[in-house]
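Asks: The structure's right below; bear with me while I get my questions together.
The values are calculated or read from the model by the stated rules, or taken from the named source; none is laboratory data. Because the structure is a prediction, the values reported are computed rather than measured. Positions of Cβ are generated from backbone atoms using ideal geometry, with glycine treated the same way; all protein chains shown enter the neighbour counts. Side chains are part of the model used for accessible areas, which takes the heavy atoms of the whole protein and leaves out ligands, DNA and RNA. Shrake-Rupley method; radii C 1.70, N 1.55, O 1.52, S 1.80 Å.
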Amino acid sequence: MKNMTIAVRICLIATLCTAALVSPPRIHAQTTDLTEEVRPKEPIRKKPDKIDFVHWASRGYLAAGTWLDASTTANGLGHPTMAYRADNNTLLMHYTVTEVGWAGCLGRQNTFTAVSANVLLNVGVERFSNRLYLRGGRWRYVAIGLLAAKATDNLVAGINNERFQAGIDGRVRQLTGYRGVIVWSR
(Lines give C-alpha, C1' and ligand atoms only; values in the text may rest on other atoms or scores of the structure.)
Protein backbone atom coordinates (compact mmCIF):
# COMPACT_ATOMS: atom_id res chain seq x y z
CA MET A 1 0.00 0.00 0.00
CA LYS A 2 2.84 2.38 0.83
CA ASN A 3 4.45 1.73 -2.57
CA MET A 4 1.16 2.68 -4.21
CA THR A 5 1.04 6.08 -2.50
CA ILE A 6 4.66 6.74 -3.47
CA ALA A 7 3.83 5.89 -7.10
CA VAL A 8 0.84 8.24 -7.05
CA ARG A 9 2.99 11.03 -5.60
CA ILE A 10 5.69 10.50 -8.22
CA CYS A 11 3.07 10.62 -10.99
CA LEU A 12 1.65 13.85 -9.54
CA ILE A 13 5.10 15.46 -9.42
CA ALA A 14 5.85 14.33 -12.97
CA THR A 15 2.53 15.77 -14.16
CA LEU A 16 3.18 19.11 -12.47
CA CYS A 17 6.70 19.23 -13.90
CA THR A 18 5.46 18.49 -17.40
CA ALA A 19 2.70 21.08 -17.17
CA ALA A 20 5.13 23.72 -15.93
CA LEU A 21 7.82 23.10 -18.50
CA VAL A 22 5.82 22.35 -21.65
CA SER A 23 3.81 25.03 -23.35
CA PRO A 24 1.79 24.71 -26.55
CA PRO A 25 3.51 26.00 -29.67
CA ARG A 26 2.33 29.29 -31.05
CA ILE A 27 1.48 29.53 -34.73
CA HIS A 28 1.77 32.90 -36.39
CA ALA A 29 0.38 33.38 -39.87
CA GLN A 30 2.31 35.71 -42.10
CA THR A 31 1.02 36.96 -45.42
CA THR A 32 3.21 38.61 -48.02
CA ASP A 33 2.41 40.18 -51.28
CA LEU A 34 4.14 38.14 -53.97
CA THR A 35 4.75 41.25 -56.07
CA GLU A 36 6.62 42.84 -53.20
CA GLU A 37 10.27 42.10 -52.92
CA VAL A 38 10.95 40.14 -49.74
CA ARG A 39 13.77 41.70 -47.79
CA PRO A 40 15.06 40.56 -44.47
CA LYS A 41 14.17 43.07 -41.82
CA GLU A 42 16.74 44.21 -39.33
CA PRO A 43 15.88 43.29 -35.78
CA ILE A 44 14.53 46.12 -33.74
CA ARG A 45 16.87 46.78 -30.88
CA LYS A 46 15.05 47.95 -27.84
CA LYS A 47 16.89 50.10 -25.38
CA PRO A 48 16.74 48.37 -21.99
CA ASP A 49 14.94 50.40 -19.40
CA LYS A 50 14.79 50.30 -15.60
CA ILE A 51 11.75 48.04 -15.53
CA ASP A 52 13.73 45.35 -17.39
CA PHE A 53 16.39 45.44 -14.68
CA VAL A 54 13.76 45.25 -11.92
CA HIS A 55 12.18 42.23 -13.62
CA TRP A 56 15.57 40.55 -13.94
CA ALA A 57 16.36 41.32 -10.27
CA SER A 58 12.97 39.99 -9.11
CA ARG A 59 13.66 36.72 -10.92
CA GLY A 60 16.97 36.47 -9.05
CA TYR A 61 15.17 37.28 -5.79
CA LEU A 62 12.74 34.42 -6.47
CA ALA A 63 15.63 32.05 -7.17
CA ALA A 64 17.34 33.05 -3.91
CA GLY A 65 14.12 32.68 -1.92
CA THR A 66 13.47 29.28 -3.50
CA TRP A 67 16.98 28.11 -2.64
CA LEU A 68 16.67 29.28 1.00
CA ASP A 69 13.26 27.67 1.49
CA ALA A 70 14.28 24.42 -0.21
CA SER A 71 17.55 24.05 1.69
CA THR A 72 16.07 24.81 5.11
CA THR A 73 13.10 22.50 4.43
CA ALA A 74 15.47 19.70 3.45
CA ASN A 75 17.60 20.30 6.55
CA GLY A 76 14.55 20.33 8.80
CA LEU A 77 12.95 17.20 7.39
CA GLY A 78 16.31 15.43 7.43
CA HIS A 79 16.93 16.22 11.10
CA PRO A 80 17.68 13.17 13.28
CA THR A 81 14.70 12.02 15.32
CA MET A 82 16.12 10.47 18.50
CA ALA A 83 17.35 12.75 21.32
CA TYR A 84 19.73 11.15 23.85
CA ARG A 85 21.56 12.34 26.97
CA ALA A 86 25.26 12.83 26.30
CA ASP A 87 26.50 11.13 29.47
CA ASN A 88 24.93 7.68 29.36
CA ASN A 89 23.00 7.53 26.07
CA THR A 90 19.59 7.48 27.76
CA LEU A 91 16.77 8.20 25.35
CA LEU A 92 15.14 11.55 26.11
CA MET A 93 12.47 11.53 23.45
CA HIS A 94 11.59 10.80 19.84
CA TYR A 95 11.20 14.10 17.95
CA THR A 96 9.88 14.32 14.39
CA VAL A 97 9.78 17.31 12.09
CA THR A 98 6.95 17.54 9.56
CA GLU A 99 6.14 19.79 6.61
CA VAL A 100 3.49 22.30 7.65
CA GLY A 101 3.24 24.24 4.39
CA TRP A 102 0.93 23.53 1.46
CA ALA A 103 3.22 20.72 0.24
CA GLY A 104 2.39 18.80 3.41
CA CYS A 105 -0.70 17.42 1.68
CA LEU A 106 1.68 15.47 -0.60
CA GLY A 107 3.76 14.06 2.25
CA ARG A 108 4.36 15.44 5.73
CA GLN A 109 7.77 13.82 6.24
CA ASN A 110 8.89 13.21 2.66
CA THR A 111 11.78 15.59 1.95
CA PHE A 112 11.89 15.02 -1.82
CA THR A 113 8.16 15.57 -2.29
CA ALA A 114 7.99 18.74 -0.19
CA VAL A 115 11.04 20.35 -1.76
CA SER A 116 10.26 19.37 -5.36
CA ALA A 117 6.63 20.50 -5.08
CA ASN A 118 7.72 23.94 -3.87
CA VAL A 119 10.39 24.25 -6.53
CA LEU A 120 7.94 23.23 -9.28
CA LEU A 121 5.42 25.78 -8.01
CA ASN A 122 8.08 28.48 -8.21
CA VAL A 123 9.04 27.42 -11.74
CA GLY A 124 5.38 27.74 -12.72
CA VAL A 125 5.12 31.18 -11.08
CA GLU A 126 8.25 32.32 -12.89
CA ARG A 127 7.00 31.11 -16.28
CA PHE A 128 3.59 32.69 -15.73
CA SER A 129 5.17 36.00 -14.73
CA ASN A 130 7.36 35.93 -17.85
CA ARG A 131 4.26 35.57 -20.00
CA LEU A 132 2.64 38.47 -18.20
CA TYR A 133 5.79 40.55 -18.61
CA LEU A 134 5.93 39.90 -22.34
CA ARG A 135 2.38 41.25 -22.72
CA GLY A 136 3.82 44.67 -21.90
CA GLY A 137 2.16 47.70 -20.41
CA ARG A 138 0.81 47.38 -16.89
CA TRP A 139 1.21 43.61 -17.03
CA ARG A 140 4.93 44.11 -16.52
CA TYR A 141 4.27 45.58 -13.08
CA VAL A 142 1.89 42.74 -12.22
CA ALA A 143 4.57 40.22 -13.23
CA ILE A 144 7.20 41.90 -11.06
CA GLY A 145 4.79 42.11 -8.13
CA LEU A 146 3.93 38.41 -8.47
CA LEU A 147 7.62 37.44 -8.47
CA ALA A 148 8.39 39.69 -5.50
CA ALA A 149 5.42 38.38 -3.47
CA LYS A 150 6.30 34.72 -4.06
CA ALA A 151 9.98 35.34 -3.35
CA THR A 152 9.14 37.14 -0.10
CA ASP A 153 6.87 34.24 0.90
CA ASN A 154 9.74 31.80 0.31
CA LEU A 155 12.18 34.02 2.20
CA VAL A 156 9.87 34.20 5.23
CA ALA A 157 9.31 30.42 5.10
CA GLY A 158 13.07 29.80 4.96
CA ILE A 159 13.70 32.09 7.94
CA ASN A 160 10.93 30.37 9.92
CA ASN A 161 12.43 26.97 9.07
CA GLU A 162 15.83 28.13 10.30
CA ARG A 163 14.37 29.51 13.53
CA PHE A 164 12.52 26.25 14.10
CA GLN A 165 15.75 24.26 13.58
CA ALA A 166 17.62 26.46 16.04
CA GLY A 167 14.98 25.95 18.73
CA ILE A 168 14.66 22.15 18.60
CA ASP A 169 17.16 21.55 21.41
CA GLY A 170 15.38 24.13 23.56
CA ARG A 171 12.00 22.47 23.01
CA VAL A 172 13.42 19.06 23.95
CA ARG A 173 14.93 20.54 27.13
CA GLN A 174 11.64 22.22 27.96
CA LEU A 175 9.60 19.03 27.43
CA THR A 176 11.98 16.69 29.27
CA GLY A 177 13.51 18.95 31.93
CA TYR A 178 17.02 17.85 30.88
CA ARG A 179 19.63 20.65 30.98
CA GLY A 180 22.71 18.96 29.53
CA VAL A 181 24.02 18.39 26.02
CA ILE A 182 21.66 16.61 23.65
CA VAL A 183 23.01 14.03 21.21
CA TRP A 184 20.89 13.33 18.12
CA SER A 185 20.78 10.13 16.09
CA ARG A 186 18.43 8.33 13.74
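Asks: Among residues other than residue 72 whose Cβ falls under 15 Å from its Cβ, what is the net charge (Lys/Arg +1, Asp/Glu -1)?
Replies: Taking every Cβ under 15 Å from that of residue 72, the sum is -3.
Asks: I've got another one for you. If you stretched the chain out fully between residue 153 and residue 175, how much longer would it get, using 0.36 nm times the residue separation minus the C-alpha to C-alpha distance?
Replies: Values: separation 22, 0.36 × 22 = 7.92 nm, distance 3.07 nm.
Stretched fully, the residue 153-residue 175 segment lengthens by 4.8 nm.
Asks: Could you run the Karplus curve 6.51 cos²θ - 1.76 cosθ + 1.60 with θ = phi - 60° over segment 132-139 and give me ³J(HN,Hα) per residue in whole Hz, x for Gly and Pro?
Replies: Each residue's phi maps through the Karplus curve to give 5, 4, 5, 5, x, x, 5, 4 Hz.
Asks: Tally Lys/Arg at +1 and Asp/Glu at -1 over every other residue whose Cβ is under 12 Å from the Cβ of residue 124; what's the total?
Replies: Once all neighbours under 12 Å are counted, the net charge is +2.
Asks: Please give the length that would be gained between residue 51 and residue 112 if that part of the chain were fully extended, namely 0.36 nm times their separation in residues minus their C-alpha to C-alpha distance (nm, one decimal). Don't jump to the answer; show the numbers that get you there.
Replies: Values: separation 61, 0.36 × 61 = 21.96 nm, distance 3.58 nm.
Additional length available on full extension: 18.4 nm.
Asks: Here's a follow-up. Net charge around residue 83, counting only other residues with Cβ within less than 14 Å of its Cβ (Lys, Arg = +1; Asp, Glu = -1)? Intermediate results must be reported in sequence, preceding the final value.
Replies: Values: positive: 85, 171, 173, 179, 186; negative: 87, 169.
Net charge around residue 83: +3.
Asks: Another question, then. Label-point separation (nm) for residue 82 and residue 102, each offset 7 Å from Cα along Cα-to-Cβ?
Replies: 3.8
Asks: Quick one: ranking 141, 84 by accessible area, 1.4 Å probe, largest first, what do you get?
Replies: Numbers: 141 140, 84 55 Å².
The ordering from most to least exposed comes out as 141, 84.
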